[in-house]
Amino acid sequence: MSVMSAAPIRLALPAVTQVRAPARRRFSLAGYRRFLSPLVLVLLWQAASMAGLVSPRVLAAPTTILASAWDLLISGELLYNMAVSLQRVAIGLAIGVSAGAVLAVASGLTRLGEDVVDAPMQMLRTLPFLALVPLFILWFGIGEVPKIGLVALGTTFPIYINLFAGIRGIEPKLLEAGRVFGLSRWGLIRHVILPGALPSGLVGLRYALGTAWLSLVVAEQINATAGIGYLINDARDFLRTDVIVVGLMVYAILGLSADALVRLGERRLLAWRPTLVGR
Amino acid sequence: MSNNAGVSVRNLTRQFGENRVLDALDVELEPGAFVALLGRSGSGKTTLLRTLAGLDAAPADAQIDVPTPTAVVFQEPRLLPWKPVWQNVALGLADPNPRRRAEAALGEVGLSHRLDAWPGTLSGGEAQRAALARALVRQPKLLLLDEPFAALDALTRMKMHGLVLDLWRTHAPTTLIVTHDVDEALLLADRVLVLEHGRIATDLRVGMDRPRDPTNPGFGPLRAKLLRALGVELPAARVLEPSA
Ligand SMILES: Nc1ncnc2c1ncn2[C@@H]1O[C@H](COP(=O)(O)OP(=O)(O)OP(=O)(O)O)[C@@H](O)[C@H]1O
Ligand SMILES: [Mg+2]
């Protein structure tokens, strides 16, 4: 906002400041533009809804959506369902990440592990795991197990693939240095291999988060009685497009927050990386 | 492994495919000696060093006596980028207070101010000094240096020479330094070996007092002899077959 008011004054300023000003102005204007176009779209949408061009059965008006979001929030319904969904993702992710990490370490560190683990993993990962939903329902019914299981399955592969690559990509010269300075096999794993594979592992985690939300969306279509997916399905039955959009927004917010969390963790855990060191 | 702090290698042969790099090599390093190892590129210097360091298994028919602990400074610093400098130095130390020992070692190489720095932020010379501290903190009986200063500028290299000599005098490890630089070898070592055709082809004593002055005329004949041994043709001199 200060830039807006500063704009006319800038013309009167001496050349020195003028040299610096354009860069700042361009940056801020770009920032505004990024917010401006979605805002315009929302306003158009609102106008269209108010003019009766968009039926609420197709898409509710932004104001209606906001009001519904508020109601759901006040009633506690939103938070409850959010907690249920979050719990599914958290448990599924915990299982998937652990399984992926254990498998990656086993097959990354030993020949035997690679022979036993890597081939089936590479084959399985080509299978679109969401296609397993029918089998999961047959195996696990329609309770929490298939939902969590689907999230776990979907997250195992990205962790496995990336961590395995990370472990195999460790600089052999560093391993040698560790060996020459008396690190045991366990010491090598702890001080050289795992920290060295961590960057790839975190990339895997970010991919895993992506698939976790995707799995959740699909899993919550399976006869859920709670969770954001349930909220959405329930709303569909009552033609409540406003509630559906609220649910979608919650998915988006949860996904973005989780990603931000991992990136924060990355910044702390990988503070040693030359690219981050300079900042 | 013996209690004798010297190095003894007998009948060491190393072969990669058809390429016989070390051919029934024998060499003795007396305890506490400072020895330089010269040789053409690809002559097997690193191969010998790696065997002494235990990085490559020695063939069964070779006899190798090496004192422990052994420490190595590689051509590149090889610091773990995810550990701060002091933890790199303390790597693998079995000590109740590794930080204190790492601090002391880093103090000796003049890096007290970079204890907690990430290796990625060190300059080349600083990183190489940290690698030196990491080798010295274990108080090795055998110190192996593989072209440790090759990547440094002349000024830093001179400082590092002084540093290594100081540390060698204080801790007295048997020291073997691989280098391409004849002058560096003459400046530092008591004895200069030249590796050729898989054996020690030249074994030269440098009987000069320290600190040594590179402009000392006594260096001239030694330098010429080493250069000839390395196959550098000096215009007027005939290449003599050096005696082992
Ligand atoms: N692991 C290996 N596999 C195959 N050949 C090897 C291996 N290690 C070394 N060699 C070969 O052995 C020879 C000696 O290598 P080495 O590294 O000991 O040479 P060097 O004397 O240290 O050379 P430089 O001065 O260039 O470092 C070279 O020809 C090299 O190609
Ligand atoms: Mg070499």
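The values are calculated or read from the model by the stated rules, or taken from the named source; none is laboratory data. Since this is a predicted model, take the numbers as computed values, not measurements. Reconstructed Cβ throughout: ideal geometry from the backbone, glycine too, with neighbour counts over all protein chains shown. Ligands, DNA and RNA are excluded from the accessible area calculation, which covers all protein heavy atoms including side chains. Shrake-Rupley method; radii C 1.70, N 1.55, O 1.52, S 1.80 Å.
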- Query: Hey, with R₀ at 30 Å, roughly what FRET efficiency would B:V232 and A:E171 work out to, going by the Cβ-Cβ distance, to 0.05?
  - Reply: 0.30
- Query: When the helix-only estimate is applied to chain A (DSSP H runs of n ≥ 4, each -39,500 (n - 2.57), divided by the residue count), what is the mean residue ellipticity at 222 nm, nearest 500 deg cm²/dmol?
  - Reply: -25500 deg cm²/dmol
- Task: Could you pull the accessible area for A:I142 with a 1.4 Å probe, rounded to 10 Å²?
- Result: 80 Å²
- Message: With a 1.4 Å probe and all protein chains kept in place, how much accessible area does A:L214 have, in Å² rounded to the nearest 10?
- Response: 90 Å²
- Task: Using a 1.4 Å probe and ignoring any ligands, DNA or RNA, find the accessible area of A:W213 and quote it in Å² to the nearest 10.
- Result: 30 Å²
- Item | Accessible area in square angstrom per residue, the protein assembly as shown, 1.4 angstrom probe | 52 Å²
- Taking chain A as a Gaussian network, Cα atoms linked when under 10 Å apart, which of A:N223, A:N233, A:N81 shows the biggest mean-square fluctuation? A:N223
- Point-to-point label distance, B:L155-A:R273, nm (Cα→Cβ direction, 7 Å offset): 3.4 nm
- Message: Compute for the protein assembly as shown: radius of gyration divided by Kirkwood radius, i.e. Rg/Rh, restricted to C-alpha atoms, rounded to two decimals.
- Response: 1.16
- Looking at the protein assembly as shown, what % of its DSSP beta bridges pair antiparallel, to the nearest 5? 45 percent
- Item | Estimated distance in nm for a label pair at B:T170 and A:I91, the labels positioned 7 Å out from Cα along Cα-to-Cβ | 6.0 nm
- Task: Would you compute, from DSSP H runs of 4+ residues alone, the mean residue ellipticity of chain B at 222 nm, taking -39500 (n - 2.57) per run and dividing by the full residue count, rounded to the nearest 500?
- Result: -9000 deg cm²/dmol
- Query: Given H placed 1.01 Å from N in the peptide plane, which residues other than close sequence neighbours of B:A201 have an amide H under 5 Å from its amide H?
  - Reply: B:V194, B:L195, B:E196
- Task: For segment B:99-244, give the share of DSSP beta bridges that are antiparallel, in percent and rounded to the nearest 5; count only bridges with both residues there.
- Result: 55 percent
- Message: Please compute the modelled spin-label separation between A:L66 and A:Q46, points set 7 Å along Cα→Cβ, answer in nm with one decimal.
- Response: 0.5 nm
- Cβ-Cβ FRET estimate between A:S98 and B:E30, R0 fixed at 56 Å, reported to 0.05: 0.50
- Item | Total accessible area lost when A and B pair, probe 1.4 Å, Å² to nearest 100 | 1800 Å²
